[in-house]
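See below for the structure under consideration.
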Amino acid sequence: MTDTPEYTPPKVWTWNKENGGRFASINRPIAGPTHDKELPVGRHPFQLYSLATPNGIKVTVMLEELLALGHSGAEYDAWLINIGNGDQFGSGFVSVNPNSKIPALMDRSGSTPIRIFESGAILVHLAEKFREFLPTDPAKRAECMSWLFWQMGSAPYLGGGLGHFYAYAPTKIEYAIDRFAMEVKRQLDVLDRQLADNRYIAGDEYTIADMAIWPWYGGLAKGVLYDAGEFLSVQDYKHVQRWADALAERPGVQRGRMVNRTWGEPSTQLYERHDASDFELKTQDRVAAK
């Protein structure tokens, strides 16, 4: 592996638009909208604006799991936010999430709409609202919340860390890849040890901790995240593998993973979701109808 020449940081950093690799066009050092664009609003209590990245999948899985339990109040419209086109910088989206990241949710079930951004906050909001997937026992709740926040703190090493430098960076930097690969391996070991003694992440109950961690680390374990499975020898983490497979068999997880997905096999894609019957339509028919 070839490193770049030794780099000395300047006294004052300036923005180089040409730097950043595959996602350079969506990264910038300032916040706020770049253009005016209102968000669409459907007929359901929840309006989700998202994309089927790991963070987006967390929320669609949660909503589909709630619907599977019979919570009709969890019906939702899922609108596609194409981050490659800069949809996250539209004025409407920024008004829901000033951080310009997916997912973002508007809860319109009450008299006053409530905005919720950051995937972990959305999971907690929905869990508390419907009293599902978040234990009420204080000790079990604390365990669940600890693992939820573990994911929030750990995933950047897997995403913007290893994912960027291993899969997307225009130049492969040995030090950066080694640094983040070591940390991600440690995180997999943390999960594997926890799952050796527990059916699910936080114990015997399926919770929002599982929903948060599975799209990232379950995807990594099954070799679909950044195609880094072989590189990290993910097959060695037997308990993570068992858990990842078990969640992948849940119908709510399978449906949630499809929503706002625009890549992969056509049968796995559902650009937008406005009704449960949308899952029965073929992707090519849905696209042709637009």
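The values are calculated or read from the model by the stated rules, or taken from the named source; none is laboratory data. Here the structure is a predicted model, which is why all the values come from computation and not from measurement. Quick reminder, even Gly has a Cβ in these numbers, built from the backbone with ideal geometry, and neighbours come from all protein chains shown.
Tabulated results
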item: Candidate set: region 55-100, residues that are of a type in the set (D, E, K, R) and in contact with a Pro (Cβ under 7 Å, 6 or more places away or on another chain); chosen: the one surrounded by the most Cβ atoms within 10 Å (Cβ to Cβ); result: 58
item: Yes/no for residue 103 being in contact with a strand residue (DSSP E or B) (Cβ under 7 Å, 6 or more places away or on another chain), surrounded by 19 or more Cβ atoms within 10 Å (Cβ to Cβ) and not basic (Lys, Arg); result: yes
item: Qualifying residue in region 126-147 (condition: in a loop (DSSP other than H, G, I, E, B), touching a Lys or Arg at 6+ places or on another chain (Cβ under 8 Å) and without any contact (Cβ under 8 Å) to a residue 24 or more places away in the chain); result: no
item: Conditions (1) surrounded by 13 or more Cβ atoms within 10 Å (Cβ to Cβ); (2) over 20 Å from residue 220 (Cα atoms); number of the one not met by residue 128; result: (1)
item: Sole residue being closer than 14 Å to residue 56 by Cα, in contact with a Gly (Cβ under 6 Å, 6 or more places away or on another chain) and either of a type outside the set (A, V, I, L, M, F, W, C) or not in a helix (DSSP H, G or I) (or both), chosen from 102, 116; result: 102
item: Residue count for region 16-30, restricted to those that are surrounded by 10 or more Cβ atoms within 10 Å (Cβ to Cβ) and at pLDDT 80 or above; result: 2
item: Residue that is crowded, with 21+ Cβ neighbours inside 10 Å and assigned to a helix (DSSP H, G or I), where the choices are 47, 151; result: 151
item: Leading residue by the ranking (nearest to the chain's Cα centre (by Cα)) among those in region 194-212 that are part of a loop (DSSP other than H, G, I, E, B) and free of Cβ contacts under 8 Å to residues at least 60 places away in the same chain; result: 201
item: Failed condition for residue 172, given (1) assigned to a helix (DSSP H, G or I); (2) out of contact with any helix residue (DSSP H, G or I) (no Cβ under 6 Å at 6 or more places or on another chain); result: (1)
item: Number of the exception - residue 42 against (1) at pLDDT 95 or above; (2) surrounded by fewer than 17 Cβ atoms within 10 Å (Cβ to Cβ); result: (2)
item: Whichever residue in region 201-233 is β-branched (Val, Ile, Thr) and touching a Phe, Trp or Tyr at 6+ places or on another chain (Cβ under 9 Å) and, among such residues, is nearest to residue 122 (Cα to Cα); result: 208
item: Region 72-88, subset outside any loop (DSSP other than H, G, I, E, B) and touching a His at 6+ places or on another chain (Cβ under 7 Å), residue nearest to residue 260 (Cα to Cα); result: 77
item: Scan of region 229-244 for residues that are surrounded by fewer than 19 Cβ atoms within 10 Å (Cβ to Cβ) and not polar (S, T, N, Q), ordered by number; result: 229, 230, 231, 236, 238, 239, 242
item: Subset of region 207-225 that is buried (at least 19 other Cβ atoms within 10 Å of the Cβ) and not aliphatic (A, V, I, L, M) - its residue that is nearest to residue 65 (Cα to Cα); result: 207
item: Region 106-125, residues that are surrounded by 12 or more Cβ atoms within 10 Å (Cβ to Cβ) and among the hydroxyl-bearing types (Ser, Thr, Tyr); result: 109, 119
